[in-house]
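What follows draws every value from the coordinates through simple rules; no lab data is involved. Please read all numbers here as calculations on a predicted model, not as lab measurements. Cβ sites come from the backbone with ideal geometry, for glycine too, and all protein chains shown count toward neighbours.
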Amino acid sequence: DAGVIQSPRHEVTEMGQEVTLRCKPISGHNSLFWYRQTMMRGLELLIYFNNNVPIDDSGMPEDRFSAKMPNASFSTLKIQPSEPRDSAVYFCASRGLPLETQYFGPGTRLLVL
Amino acid sequence: AQKVTQAQTEISVVEKEDVTLDCVYETRDTTYYLFWYKQPPSGELVFLIRRNSFDEQNEISGRYSWNFQKSTSSFNFTITASQVVDSAVYFCALSEGGSEKLVFGKGMKLTVNP
């Protein structure tokens with residue numbers, strides 16, 4: 001079975017540009033999580049969805065960040081406008097039943113110049 | 001509030017040495033889950049193990065073993081006879097019973113030299 005799929009794997013953009021990160025969870029998983037990893041702050045949960053509904057977005061840094069999950073097999077994380085401090089690795093994870101293990105995608109490495 | 005502490009930031013060993021990675025957690029819940037993930041140089045996060053708070057039985061999987069002790073709030077990870085392929089950053093994580101959130105430690109970078 002395919003794992004969590006993320007695209008793009010690498011993104012280089014200029015400050016002020018819009019960035020869209022994509023995630024396809026494992027089939028049958030009904031929860032999806034977006035994390036950000038930086039050297040300074042480590043791994044942080046940004047937002048998570050249960051059954052396509054956003055449950056907790058308290059980790060989203062600011063209004064420039066938004067996330068959607070239009071259906072069970074697709075989610076996006078958008079940054080508009082992007083800033084150099086948004087440079088990080090963004091991970092998507094999914095899980096099946098409540099409180100079970102989260103499985104992570106390969107991550108998107110974002111560099112904002 | 002939940003918290004995970006991995007006091008060691010970096011360890012370097014020679015192949016075939018045993019190495020133990022420490023993890024100390026804080027939680028007020030009686031029901032919680034503990035995890036270890038591995039992040040190799042390629043960058044992905046690989047799940048290794050999940051333990052719930054009611055199961056203190058230690059676990060062994062090949063060269064990997066985990067020691068869960070509620071009395072000291074620790075969930076330590078030992079690699080026996082380390083290999084170069086074990087070189088990675090290892091993360092300990094915690095989720096409380098009523099929460100979906102995974103709280104990660106800062107990670108510990110293990111380098112196994114030939």
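What whole number of Å gives the distance from the Cα centroid of segment A:64-84 to the Cα centroid of segment A:22-54? Between the Cα centres of segment A:22-54 and segment A:64-84 lies a distance of 11 Å. Between A:Asn71 and B:Thr80, the simple spin-label model (points 7 angstrom out along Cα→Cβ) gives 4.9 nm.
Taken about its Cα centre, chain B carries a charge dipole of roughly 160 debye when the Cβ of each Lys and Arg holds +1 and the Cβ of each Asp and Glu holds -1. Computed from label points 7 Å out along Cα-Cβ, the spacing between A:Arg85 and B:Lys70 is 4.2 nm.
Net charge near A:Met40, counting Lys/Arg +1 and Asp/Glu -1 over other residues with Cβ under 12 Å of its Cβ?
+3
Taking only the C-alpha atoms of the protein assembly as shown, the Rg (one decimal) and the largest Cα-Cα distance, Dmax (whole number), read 17.8, 52 Å. Which of the chymotrypsin sites (Phe, Trp or Tyr not before Pro) across segment B:16-61 are loop residues per DSSP, with 15 or fewer other Cβ within 10 Å? Listed in order of number, the matching sites are B:Phe54.
For the protein assembly as shown, taking a cut-off of 4.7 Å between Cβ atoms, no cysteine is left unpaired.
Each label point was placed 7 Å from the Cα along the Cα-to-Cβ direction; for A:Asn52 and B:Asn58 their separation is 4.8 nm.
Residue separation of B:Ala1 and B:Lys101 scaled by 0.36 nm, minus their Cα-Cα distance, works out to 34.8 nm of gained length. Over chain A, the alpha carbon radius of gyration divided by the compact-protein estimate 2.2 N^0.38 Å works out to 0.99. Counted residue by residue at 0.36 nm each, then reduced by the alpha carbon distance between them, the extension gain from B:Phe47 to B:Ser12 reaches 10.4 nm.
For segment A:27-99, applying the loop criterion from DSSP together with a ceiling of 12 other beta carbons within 10 Å to the trypsin sites (Lys or Arg not before Pro) yields A:Arg41. Across all C-alpha atoms in chain B, the radius of gyration and Dmax reach 13.7, 44 Å.
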